[in-house]
1. Among the residues of the stretch 52-63, is there at least one that is in contact with a strand residue (DSSP E or B) (Cβ under 8 Å, 6 or more places away or on another chain) and buried (at least 24 other Cβ atoms within 10 Å of the Cβ)?
2. State all residues of the stretch 204-249 that are outside any helix (DSSP H, G or I) and out of contact with any helix residue (DSSP H, G or I) (no Cβ under 9 Å at 6 or more places or on another chain); if no residue qualifies, say none.
3. The conditions are (1) within 23 Å of residue 249 (Cβ to Cβ); (2) surrounded by fewer than 18 Cβ atoms within 10 Å (Cβ to Cβ); (3) over 19 Å from the mean Cα position of the chain (by Cα), and residue 101 fails exactly one of them. Which is it?
4. It is to be established whether one or more residues within the stretch 57-71 are more than 15 Å from the chain's Cα centre (by Cα), over 18 Å from residue 139 (Cα atoms) and modelled with pLDDT of 95 or more.
5. Pick out the one residue from 162, 177, 128 that is at pLDDT below 95 and either part of a helix (DSSP H, G or I) or over 21 Å from residue 277 (Cα atoms) (or both).
6. Which numbered condition in (1) surrounded by 13 or more Cβ atoms within 10 Å (Cβ to Cβ); (2) assigned to a helix (DSSP H, G or I); (3) modelled with pLDDT of 95 or more is the only one that residue 144 fails?
7. Return the residues of the stretch 266-314 that are free of Cβ contacts under 8 Å to residues at least 12 places away in the same chain and part of a loop (DSSP other than H, G, I, E, B); say none if nothing qualifies.
8. Can you tell which of 281, 246 is closer than 15 Å to residue 79 by Cβ and either surrounded by fewer than 16 Cβ atoms within 10 Å (Cβ to Cβ) or at pLDDT 90 or above (or both)?
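The values are calculated or read from the model by the stated rules, or taken from the named source; none is laboratory data. For clarity, every value in this text was computed on a predicted model and none was experimentally measured. Note: ideal-geometry Cβ built from the backbone for every residue, glycine included; neighbour counts use all protein chains shown.
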């Protein structure tokens, strides 16, 4: 999958795609290592299906995060929005069933994403501060609306279908992750809107002079991020058969990490949906293998931090 980037100087572009190739090689290495260390459990179709299913929630969020980071922004609130959206849908499910849950979760996530978007694009609040505030607000709303207790969805088979159902023999959540990735790739690489997103992150003033609707573009990426967090809430709640006010904890860090190791620049102006997709898969494969090796959770977190740091260091020469 191609990479969208901003022009740095006339006739000169940021080097691209090497991180995607590197991630492809990493996936191959992980397959080999997993086959050696856990030959009976790792290199199996069922395990790969489980890996992609686990990756789907973070993956959907990471696609939205790619658009946000491409504008040189950040969204720290998506994990909390997942929890709040799930609870909001759970409160409506008794009145309308599974589809009311879906509408409630998407609508509430869209509302919170719009608040972020308005504060950043029109209130001119720094993205880090605006989304940090929303992280606290959304988590508090989730706890308050649910009375600090999970909402059981065990009786709603249609809703659980989003988490455990299958289409053509494969989990629904995987199909949704792939569909969102393809749609994100087309939007970023084959539309004027995608060019606007990258232009805003590459050079804000140049984009404004060129006639790019900067505020509307920035507004839209946070709305999109919120909407995809709502979709992730549906997938997660369907899989767990409950909507918990503490769900989604630290999902924002997983999404940011996958986006960064995929090759999207934290400085903005360069984004790759294909890299994000592979970054999500790499993270999922690593932690699946570490779990099978019975590595303690704290060591898994250390590994995650090291991977993110290494990815940022690799990007550093591009920002000089």
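1. Yes, that holds for at least one residue.
2. Of everything in the stretch 204-249, just one residue is outside any helix (DSSP H, G or I) and out of contact with any helix residue (DSSP H, G or I) (no Cβ under 9 Å at 6 or more places or on another chain), namely 211.
3. Just one mismatch for residue 101, condition (2).
4. Within the stretch 57-71 (the criterion being more than 15 Å from the chain's Cα centre (by Cα), over 18 Å from residue 139 (Cα atoms) and modelled with pLDDT of 95 or more), the answer is yes, since at least one residue qualifies.
5. Unique residue meeting the criteria: 162.
6. Among (1) surrounded by 13 or more Cβ atoms within 10 Å (Cβ to Cβ); (2) assigned to a helix (DSSP H, G or I); (3) modelled with pLDDT of 95 or more, residue 144 violates only (1).
7. Answer for the stretch 266-314, where residues must be free of Cβ contacts under 8 Å to residues at least 12 places away in the same chain and part of a loop (DSSP other than H, G, I, E, B): 294, 295, 296.
8. 246
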